[in-house]
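So the structure is just underneath, and the comments pick up after that.
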Amino acid sequence: MSMPLIIPQTVALLLFCIGLYGVMSSKVGIKMLISLEIMINSAVLNLISVARSLPDPIVLALFVIAIAAIESVVGFSLLVAVYRKFGKVDIPLLSEIKG
Amino acid sequence: MTFDTNQLAFYYPMLVLGAAGFIILALGIKRLRSIVYATIAMAAFVVAFILLLMEWYNILPYVASEGMVFNGFGFYFALLFLVASGFITYPALKNIAARSEIFYAMLLFVSVGMIVAAFSYNLITLFISFEAVSIGTYIIAGFHKTKRTLESATKYFFTGTVATAFIIFGLSYFYLSTGTFSLLGHIAVSSTPDMLIALAFLTIGFGFKMAIFPMHQWAIDTYDGTENSVSSFLSTGSKLVAFVIMLKVFIAGFAGLDTYVYVFFAILAVATMTYANISALSQNNLKRLLAYSSVAQAGYLILVLAVVGYAPGTQAADYAIAAGMLYSLVYIFMKGGAFLTMNIIRKDSPSVDDISGLGRKSPGLALAFSIILLSLAGIPLTGGFLAKFFLFLSLVQGGLWWLAVVAILNSAISVFYYFRIMMFMYWRDSKEDSSFDLSVSNRIPVYFSALVVVALFFTFSLFFTILPFAGGVFGGL
């Protein structure tokens with residue numbers, strides 16, 4: 001008695017798109033970081049939904065959770081450093097580098 | 001699971017690098033001078049390099065139990081990555097003043113990740129090594145903490161993390177379709193649509209790191225904003241890791257879908273080369289120009305995937321992979337050397353005009369930089385010519401005439417903007433006296449890379465030496 005694969009996959013894809021939209025549309029760094037977490041976690045959901053008999057995807061999912069934590073640590077420390085220099089965390093509006 | 005001591009010997013280089021990283025971090029508490037940390041890091045790179053060479057010659061290739069394959073292909077790229085890291089160890093000293101121990105420790109940890117990526121044939125370890133490289137380079141990129149480096153590092157971080165999410169999503173579809181994460185042996189595809197989704201997602205994910213056309217915008221800003229030595233590392237070491245992983249994933253992992261791989265990467269390669277070369281033509285900022293040229297070089301590199309997808313298992317495919325291997329070697333010195341040359345200009349974001357008069361002020365340096373630029377353009381008597389020659393030869397051999405013509409036309413376009421820099425160097429007078437910083441430590445990397453680039457032209461038998469290792473992309477010995 002298992003759930004049809006289409007349900008978790010649709011949810012994961014939906015979450016992924018929400019996260020992607022959040023990263024692309026928001027200007028505040030914290031919001032972008034939260035959207036990124038949503039993206040990564042939707043991918044984790046997709047990973048564990050495809051795990052049928054072998055534990056491989058679960059192993060990868062555990063690693064991904066750890067890596068996502070490290071990534072948010074690095075991201076937040078970058079944002080703190082940005083806030084100290086610029087006085088704001090609006091990443092797309094920083095314009096020290098121009099074409 | 002067995003883990004015999006014979007197998008352990010293969011991990012010594014990684015252990016040396018990791019241990020050196022922790023030693024540097026521990027010594028950081030004593031606030032030694034930066035040169036001490038740089039020397040420890042360099043010593044670790046040299047020891048790891050020698051250990052890898054000894055293993056390559058003395059011990060038979062070995063398949064470890066957990067998807068690590070120690071074959072010629074892996075050893076070649078592992079040595080290449082160590083060269084890329086060692087290349088910027090001393091040049092980075094100039095701009096890294098405070099807390100340099102963290103910079104060098106990160107460089108060492110990134111190198112461990114790069115070596116694992118060279119040997120691994122399992123998507124789990126490949127992904128983790130890729131992330132080790134990514135996270136390390138986020139920290140390295142923002143290290144100097146000026147406004148410019150912080151902005152470039154945050155942009156790099158956000159695009160890089162989006163790419164990570166795409167890769168994980170792609171990997172889950174890859175598993176859904178094949179039921180395995182291992183790239184060794186025959187991979188049975190159970191559902192083609194899922195595999196195509198995986199192909200698209202993985203291309204986007206790794207394409208971000210390699211800066212191919214629709215995913216390149218971060219690279220221009222980041223290479224422009226970071227320190228010269230860091231941009232040199234980002235455009236060589238970090239990009240080549242993505243290249244190696246793409247070779248393994250798309251050649252071995254998508255072996256059943258070569259036609260799709262061919263169509264995908266032929267289109268991407270043409271778009272990347274053409275877009276980058278045409279944008280570079282109208283670019284006045286010197287570092288952005290080099291960044292666009294770096295994007296164009298990525299376009300040439302992924303031609304390898306197009307050839308292998310078009311004519312899998314033929315001699316042309318082997319030639320293409322070997323040409324990609326040779327190109328990677330030359331690329332480290334020509335692109336890394338070009339970015340390190342920017343150290344001689346005092347300005348933060350130099351325009352093409354700022355290099356004018358170099359030919360009169362320091363003819364030797366101008367000649368060395370010209371050699372590097374000629375190599376990037378693919379003019380004979382440089383290693384860049386040789387690498388492009390073998391790459392285009394494999395295109396013709398595989399029957400992809402139209403792609404060879406497009407690539408050669410693109411090389412012709414690129415000659416214009418490289419010659420424009422040289423024109424400014426030799427035929428314009430400099431505006432101020434103090435615009436150049438011609439200290440010895442800035443000159444040596446430029447001379448060195450120019451020398452290597454020329455030397456690589458005269459060792460064209462190297463291509464036939466590495467040709468037998470090309471088959472190693474499938475995890476064979």
Does at least one position in segment B:278-294 carry a residue that is farther than 24 Å from B:A338 by Cα and part of a helix (DSSP H, G or I)? no
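So which of A:I70, A:I7, A:I58 is facing chain B (nearest Cβ under 9 Å) and either surrounded by 17 or more Cβ atoms within 10 Å (Cβ to Cβ) or farther than 27 Å from B:R288 by Cβ (or both)? Reasoning before the result, please.
Details: A:I7 fails: facing chain B (nearest Cβ under 9 Å); A:I58 fails: facing chain B (nearest Cβ under 9 Å).
Result: A:I70 is the single residue among A:I70, A:I7, A:I58 that is facing chain B (nearest Cβ under 9 Å) and either surrounded by 17 or more Cβ atoms within 10 Å (Cβ to Cβ) or farther than 27 Å from B:R288 by Cβ (or both).
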Pick from B:V270, B:V307: which is under 28 Å from B:V116 (Cα atoms) and assigned to a helix (DSSP H, G or I)? B:V307
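Sort through A:I34, A:I40 and tell me the only one that's more than 9 Å from chain B (Cβ to nearest Cβ), surrounded by 14 or more Cβ atoms within 10 Å (Cβ to Cβ), of a type outside the set (D, E) and assigned to a helix (DSSP H, G or I).
Details: A:I40 fails: more than 9 Å from chain B (Cβ to nearest Cβ).
From the options A:I34, A:I40, the qualifying one is A:I34.
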Among the candidates B:Y57, B:Y104, residue that is aromatic (F, W, Y) and crowded, with 18+ Cβ neighbours inside 10 Å: B:Y104
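Conditions (1) within 26 Å of B:A188 (Cβ to Cβ); (2) crowded, with 24+ Cβ neighbours inside 10 Å, marked per residue:
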{"residue": "B:L257", "(1), (2)": "yes, no"}
{"residue": "B:F265", "(1), (2)": "yes, yes"}
{"residue": "B:A271", "(1), (2)": "no, no"}
{"residue": "B:V308", "(1), (2)": "yes, yes"}
{"residue": "B:G313", "(1), (2)": "yes, no"}
{"residue": "B:A317", "(1), (2)": "yes, yes"}
Can you confirm whether B:A84 is within 11 Å of another protein chain (Cβ to nearest Cβ), part of a helix (DSSP H, G or I) and among the aliphatic types (A, V, I, L, M)? no
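So which residues in segment A:73-99 are among the acidic types (D, E) and within 8 Å of chain B (Cβ to nearest Cβ)? Break it down into steps so the answer makes sense when it comes.
Here is the first cut: in segment A:73-99, the residues among the acidic types (D, E) are A:90, A:96.
Hit for segment A:73-99 is A:E96, nothing else.
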Working carefully through the options B:I115, B:I140, B:I124, B:I167, find the one that is crowded, with 22+ Cβ neighbours inside 10 Å, under 23 Å from the mean Cα position of the chain (by Cα) and farther than 23 Å from B:L301 by Cα. B:I140
Report the residue count in segment B:318-361 for those that are modelled with pLDDT under 90 and of a type outside the set (A, V, I, L, M). 14
Please work out if B:S190 is in a helix (DSSP H, G or I), small (G, A, S) and either under 19 Å from the mean Cα position of the chain (by Cα) or more than 8 Å from every other protein chain (Cβ to nearest Cβ) (or both). no
Could you tell me whether segment B:131-139 includes any residue that is more than 11 Å from chain A (Cβ to nearest Cβ) and hydrophobic (A, V, I, L, M, F, W, C)? yes
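I'm trying to understand the selection: among the residues of segment B:140-178, which are hydrophobic (A, V, I, L, M, F, W, C) and more than 7 Å from every other protein chain (Cβ to nearest Cβ)? Spell out the reasoning first.
So in segment B:140-178, the residues hydrophobic (A, V, I, L, M, F, W, C) come out as B:140-141, B:143, B:150, B:153, B:157-158, B:162-163, B:165-169, B:171, B:174, B:176.
B:I140, B:A141, B:F143, B:A163, B:F166, B:I167, B:F174, listed by residue number.
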Taking B:P91 as meeting all but one of (1) more than 12 Å from chain A (Cβ to nearest Cβ); (2) farther than 30 Å from B:A9 by Cβ; (3) buried (at least 23 other Cβ atoms within 10 Å of the Cβ); (4) in contact with a Gly (Cβ under 8 Å, 6 or more places away or on another chain), write down the number of the exception. (4)
All-but-one check, B:L202 against (1) in contact (Cβ under 8 Å) with a residue 40 or more places away in the chain; (2) at the interface with another protein chain (Cβ under 9 Å from one of its Cβ atoms), failing number (2)
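The values are calculated or read from the model by the stated rules, or taken from the named source; none is laboratory data. Quick caveat, the model's predicted, so the values are computed rather than measured. Here the Cβ is made from the backbone with ideal geometry for all residues, glycine too, and neighbour counts use every protein chain on show.
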